[in-house]
Amino acid sequence: MELQKKELYKKYIREIEWAIKSPNIINEAYWETNSFNLNEWLEKIFIEFQSKKSNINQNLLSALINNSKHQQRLGRYFETLLEGLFFVALKINPIFKNILIMNEKITTGELDFILKNPFGTGFIHLETAIKFYLFSENDMLYWGPNGIDRLDLKLKQLKCHQIPLIKNNNSKAFLEEKKIHPIQSACLLKGYLFYHFSKPIIHDSLNKEINSSHLKGWWAFVNELDPFFNAQATKSRWIILEKKDWIGPFQAEKSKIKVFTSSLIKDEIYNHFKSSNRSLMIIKLHEKTASTWGEISRGFIVKESWPNLTQTV
């Protein structure tokens with residue numbers, strides 16, 4: 001049991017480091033948040049985290065994260081990783097999380113984080129999200145694997161509602177009550193964008209707001225498995241990844257997971273889609289060490305009708 005706890009703790013640390021260091025999906029200038037430089041701030045956060053990593057209260061961090069892992073959506077779990085980073089690892093105080101903004105007993109919105117800036121004066125209002133979108137050439141839009149969520153709609157919601165929420169009168173009343181001033185806003189939008197395995201990435205000419213260094217993956221329709229796998233090395237090994245493990249590059253002890261050859265994973269995928277519309281994330285593996293699998297690439301297999309699905313991921 002102790003060994004399992006240690007392995008989970010190492011996984012939490014990897015996920016926190018990924019949350020800090022992985023590139024944002026969107027260029028920082030898109031958010032128009034004045035002079036605050038999020039990338040520079042994150043670099044300082046990472047350095048501070050590395051310097052304090054050996055002194056983290058492992059039991060407290062593990063309890064905080066593990067309590068959320070099986071109860072909440074992936075986005076909430078991502079927020080909990082950041083809470084562990086700010087509150088447990090870096091001991092930033094004060095921190096306010098998931099602040100409901102009310103107008104005469106009606107909730108008008110929620111602020112993800114407000115925290116004291118550990119590198120200067122004032123406070124940071126931080127909106128956070130982790131997203132996975134697939135580019136569809138049919139309508140030139142980025143869709144979620146469930147066919148409901150869309151990148152353009154998420155950006156509009158963040159830029160036009162979430163970030164400006166800090167400036168409305170009800171938010172100002174909260175800030176005054178807690179003596180939070182001055183305050184700057186930023187948006188942390190992490191994740192991957194996926195492109196059809198047979199098509200070049202053409203986002204640069206279409207979406208200037210997208211960070212050219214964003215993390216990338218591939219996707220394929222279930223009826224394209226033969227051409228997709230025929231293009232892979234004969235000895236390739238694969239795993240179907242559960243949603244709770246989508247954050248960060250995959251890594252696992254060989255003895256702890258079941259991996260598939262290309263032929264066997266095709267059978268698993270076909271069987272899955274006989275009774276489900278739920279898109280599958282699969283990982284192409286390599287031998288990171290003699291006892292460990294690591295990630296080469298990741299992608300989604302989706303139903304032929306995607307993004308017009310009736311069942312969510």
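All of the numbers you see were taken from the coordinates with simple rules; none came from a lab. Note that the structure is predicted; figures quoted are calculated from it, not measured. With ideal geometry, Cβ positions are generated from the backbone for all residues, glycine too; neighbour counts draw on all protein chains shown.
Annotation: amide H-H contacts under 5 Å for Ile210 (H modelled 1.01 Å from N, sequence separation of 5 or more, or interchain): Asn27. So, in segment 1-133, how many Lys pairs have Cα atoms under 13 Å apart, if the pair is 8 or more places apart or on different chains? For segment 1-133, the number of qualifying lysine pairs is 8. Note on the chain: GNM, Cα springs under 10 Å; of Lys44, Lys243, Lys178, the largest mean-square fluctuation is that of Lys178.
Consider the candidate values [x] 22.8; [y] 18.1; [z] 15.1; state which one is mean projected area of the Cα convex hull in nm² computed from the structure displayed. So the structure-derived entry is [y]. Modelled this way, with points 7 Å down the Cα-to-C-beta line, the labels at Ser35 and Ile257 are 4.6 nm from one another. Among the GluC sites (Glu not before Pro) in segment 15-119, those located in a DSSP loop and surrounded by at most 16 other Cβ atoms within 10 Å of their own Cβ are Glu32, Glu104. Of Asp139, Asp112, Asp245, the residue with the greatest mean-square motion in the GNM of the chain, using alpha carbon springs below 10 Å, is Asp139. Beta bridges assigned by DSSP with both partners in the chain are antiparallel in approximately 65 percent of cases.
Taking the chain as a Gaussian network of alpha-carbon nodes connected by springs under 10 Å, the highest mean-square fluctuation of the residues Asn138, Asn146, Asn170 belongs to Asn138. Restriction of the GluC sites (Glu not before Pro) in segment 245-304 to DSSP coil positions whose beta-carbon has at most 16 other beta-carbons within 10 angstrom yields Glu304.
Ranking Ala231, Ile101, Asn67 by how far each Cα lies toward the positive end of the dipole of the chain (charges on Cβ) leaves Asn67 at the top.
Rg/Rh for segment 1-153: what does it come to with C-alpha atoms and Rh from Kirkwood?
Over the Cα atoms of segment 1-153, Rg/Rh equals 0.99.
Quick one: angle between helix 262-275 and the longest Cα principal axis of the chain, in degrees between 0 and 90, rounded to 10, please. Orientation of helix 262-275: about 70 degrees from the principal axis. Amide H to amide H distances under 5 Å link Trp219 with Tyr195, His196, Phe197, Phe300, where only residues 5 or more positions off or on other chains count and H is placed in the peptide plane. Computed from phi, the 3J(HN,Hα) profile of segment 24-33 under the Karplus parametrisation 6.51, -1.76, 1.60 (θ = phi - 60°) reads 5, 5, 10, 4, 4, 4, 4, 7, 6, 9 Hz, with x in place of Gly and Pro. Taking θ as phi - 60° and the Karplus parameters 6.51, -1.76 and 1.60, the scalar couplings of segment 43-59 work out to 4, 5, 4, 5, 4, 5, 5, 5, 6, 10, 4, 6, 10, 5, 6, 5, 5 Hz in sequence order, x denoting glycine and proline. Taking amide H positions as modeled 1.01 Å from N, with prolines and chain starts lacking one, the residues under 5 Å from Gly191 and 5 or more places away or on another chain are Ile25, Lys131. Once the Cα-Cα distance is subtracted from the 0.36 nm per residue extended length, the Met140 to Lys6 segment shows a gain of 43.8 nm.
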